[in-house]
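The values are calculated or read from the model by the stated rules, or taken from the named source; none is laboratory data. For clarity, every value in this text was computed on a predicted model and none was experimentally measured. FYI the Cβ positions are ideal-geometry reconstructions off the backbone, even for glycines, and counts take in every protein chain you see.
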Amino acid sequence: MRAWATVFAPTRNFVSPAFDYLLIGGGLSLFVTAFLVAGGTKWTISVMASLPLWVLLVNLAHFAASTVRLYTKRGTFTALPFVTMGLPLVTLLCLGLAVMFADVVGRHVMNLYLTWSPYHYAAQTYGLTLMYSYRAGLELGAFDRGAVRGACLSPFLYAFFKGPAAGIEWFVPASVLQAPSVAFWRGALVTMLGVLALTLPVILVARHAMRRRPLPLISALIMVANAVWWTGLQYIQSFFWVATFHALQYLAIVMIFHVRERLAEPGNRHGWLYHAAFFYTACVGLAYLLFNAWPYAFVAAGFGLVESALLVIAVVNIHHFLVDAYIWRLRKDPNYKVVSQEAPAAPAALPIPA
Amino acid sequence: MTEPTLVSARPPNPQRLYRTLFLVGLAAYTLCFVVGSGYVLARRRHLPSLGVAALEQATEFLAAGNVQGAVREYRMMTRVVPSDYESARKLAEIRTSIGDPEAEVDKYLQARQIWPRDPNVLRSLAWAQLGRGRLDEAMSVFRAALEVAPDDAGAHAGVAEVFLAQDRHAEAAEAFSTALRLTPDDAALHHRLGITYVYWGRPSEAVPHLETAVRLDPRPEFRSDLDRARAGELLR
């Protein structure tokens, strides 16, 4: 036990060890990955991906969650006037233009969303990793934060160079990428980045342990899980599960923040279940309207369903990425109070980008 | 004369602007959601289902016999997601069913965008171009295929067909011979080389190849061509 404590700092869970490790830490995803690799791939993907209700309740609800968080977090209208009041109309106008000129700009909007997506995952991993480190009382200097960022970004770089369809394939013509020498070096780079994505978290843990400033186990787990999603699950073509685990992780942490803030408000008369149910219901309702009703508004206006549905998905994703960059800030933000609750000697305000 | 009075403009109130933008946005989103739901409700008598498939409308168009509508949807799919070859394939299938002669060429042009150095794709595109009578384009793509895969017998045969179509018999015979060195038991190649010699006016060289073609594949048209070549009747 003592040896364990020298390798990992004790985790300050938000809810319980099972909840934090399985959902936020991504532990559940590692079990499912092992199951998929052992041969469960085709069955589980075909069954789960064909359940629209599951997709709505998890994957789509998580996109809406950032918007719900933006408008339910106290003070955002004052602190973020453009994001709360200007961005929705700008988004709508951009989507309208994208649908109108879909045959020209459509693929670029799709590529932007697909290229940004792994970066967004990496940023979420970075934010959660630091969040648990701070809760464990571990103050990370600029170099350590850079090292954590590097470890979190390596799966993004892996996905960027690997493709297919987006990432480097958006910027460099296929005729160049498929030239034998380029294909060889690209393959080598992708392999190296895959290895780095999986090993950097281990190296970080070892480095911190040797300096007697250990990371909490859950921080390491979050980094490993994201790396496994982009390398292992991508390798067996199970992207559906990558999106699902990311969404579960997101929904869990955003609801924790919402519920804790609401419970701490003076005059609160409801329990955690009420606040969680309110938030989640709003997410599901908004997700339904965004993904299931919105595309048909463009169809009613005379556009095809293909461009309407695909570009709504892309634009909602991009909006989600943008909003996340604002709502997870800690500096001078109520988020900081939630992160530092119950944390021993939490450091001074530090940013956690999403 | 009175001095003009300088009236200082009121500084813009960003809060008011933001509030206006927000209200306009809120109204626009509400309108979109109501119109979208209402559209589905009016057409299908139920609210939008939980899963929206991008090609759902294309499938409905096909079922209703609206081929042009389906073509439009699949074509947009290939534009927005150019890497989706399955849609390009389906689009070509639908266009071919309505007699669109460009369908095959467009399908392989899309495939070339995705796999620009795949010899099978290049060869297929070149044959499709040849089928449309575009000899220069076909030759260019066959040559590109041979750059990637110099031993591709199909591409050599394609080059030979282009030469044959241009009445460049000597070059056609040479290219067919190259293809035959790579696949000596290809009956069709022997047949086409034999035909080339006939057009070139060298029936004595044609007959052995036409005989070999019949020996390897005794299909009626090969036999017929052999008989006509022997009788000196074979014309283009």
Seminar exercise, completed: Checked B:86, B:147 against criteria (farther than 30 Å from residue A:303 by Cβ and not assigned by TED's automatic domain parsing to the domain that holds residue B:199); the one match is B:147
For this session: Among what's in segment A:128-149 and is at pLDDT 90 or above and surrounded by 22 or more Cβ atoms within 10 Å (Cβ to Cβ), pick the residue that is nearest to residue A:170 (Cα to Cα).
Result: A:148
For this session: May I ask you to verify whether residue A:223 is under 21 Å from residue A:249 (Cβ atoms) and at pLDDT 95 or above?
Result: yes
Seminar exercise, completed: Wholly inside segment A:153-215, helices (runs of 4 or more DSSP H) that include 1 or more residues that are within 27 Å of the chain's Cα centre (by Cα) are A:168-171, A:180-210
Exercise. Say we look at segment B:168-200 and pick out the residues that are of a type in the set (Phe, Trp, Tyr) and in contact (Cβ under 8 Å) with a residue 24 or more places away in the chain; which of these is farthest from residue B:219 (Cα to Cα)?
Worked result: B:200
For this session: State yes or no: is residue B:126 within 14 Å of another protein chain (Cβ to nearest Cβ) and either over 30 Å from residue A:312 (Cα atoms) or modelled with pLDDT under 95 (or both)?
Result: no
Problem set entry | Unique match (being within 30 Å of residue B:148 (Cβ to Cβ), touching a Leu at 6+ places or on another chain (Cβ under 8 Å) and among the hydrophobic types (A, V, I, L, M, F, W, C)) among A:140, A:157 | A:157
Exercise. Just checking, how many residues over segment B:21-36 are out of contact with any Phe, Trp or Tyr (no Cβ under 7 Å at 6 or more places or on another chain) and surrounded by 13 or more Cβ atoms within 10 Å (Cβ to Cβ)?
Worked result: 9
For this session: Answer yes or no: is there a residue in segment A:169-176 that is under 25 Å from residue A:304 (Cβ atoms) and more than 9 Å from chain B (Cβ to nearest Cβ).
Result: yes
For this session: Among the candidates A:326, A:288, A:296, A:274, single out the residue that is away from chain B (no Cβ under 14 Å), out of contact with any strand residue (DSSP E or B) (no Cβ under 9 Å at 6 or more places or on another chain) and crowded, with 17+ Cβ neighbours inside 10 Å.
Result: A:326
Exercise. List the pairs whose first member sits in segment B:19-32 and is farther than 15 Å from residue A:95 by Cβ and facing chain A (nearest Cβ under 7 Å), whose second member is surrounded by fewer than 18 Cβ atoms within 10 Å (Cβ to Cβ) and β-branched (Val, Ile, Thr), and whose Cβ atoms are under 9 Å apart, counting only residues at least 6 apart or on separate chains?
Worked result: B:21/A:90
Exercise. What number of residues within segment B:122-140 are under 28 Å from residue A:181 (Cα atoms) and under 10 Å from the mean Cα position of the chain (by Cα)?
Worked result: 2
Problem set entry | Among (1) buried (at least 19 other Cβ atoms within 10 Å of the Cβ); (2) outside any helix (DSSP H, G or I), the one test that residue B:74 misses | (2)
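Matching residues to (1) closer than 15 Å to residue B:188 by Cα; (2) surrounded by fewer than 24 Cβ atoms within 10 Å (Cβ to Cβ):
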{"position": "B:125", "(1), (2)": "no, no"}
{"position": "B:130", "(1), (2)": "no, yes"}
{"position": "B:135", "(1), (2)": "no, yes"}
{"position": "B:140", "(1), (2)": "no, yes"}
{"position": "B:143", "(1), (2)": "no, yes"}
{"position": "B:153", "(1), (2)": "yes, yes"}
{"position": "B:158", "(1), (2)": "yes, no"}
{"position": "B:162", "(1), (2)": "no, no"}
{"position": "B:172", "(1), (2)": "yes, no"}
For this session: Determine which member of the set B:198, B:214, B:207, B:121 is among the β-branched types (Val, Ile, Thr), within 24 Å of residue B:108 (Cα to Cα) and part of a helix (DSSP H, G or I).
Result: B:121
Seminar exercise, completed: Of the candidates B:51, B:99, the one satisfying the condition of being out of contact with any Asp or Glu (no Cβ under 7 Å at 6 or more places or on another chain), in a loop (DSSP other than H, G, I, E, B) and more than 10 Å from chain A (Cβ to nearest Cβ) is B:99
Problem set entry | Hey, residue B:151 on the phi > 0 side of the Ramachandran plot and in contact with a helix residue (DSSP H, G or I) (Cβ under 8 Å, 6 or more places away or on another chain) or not | no
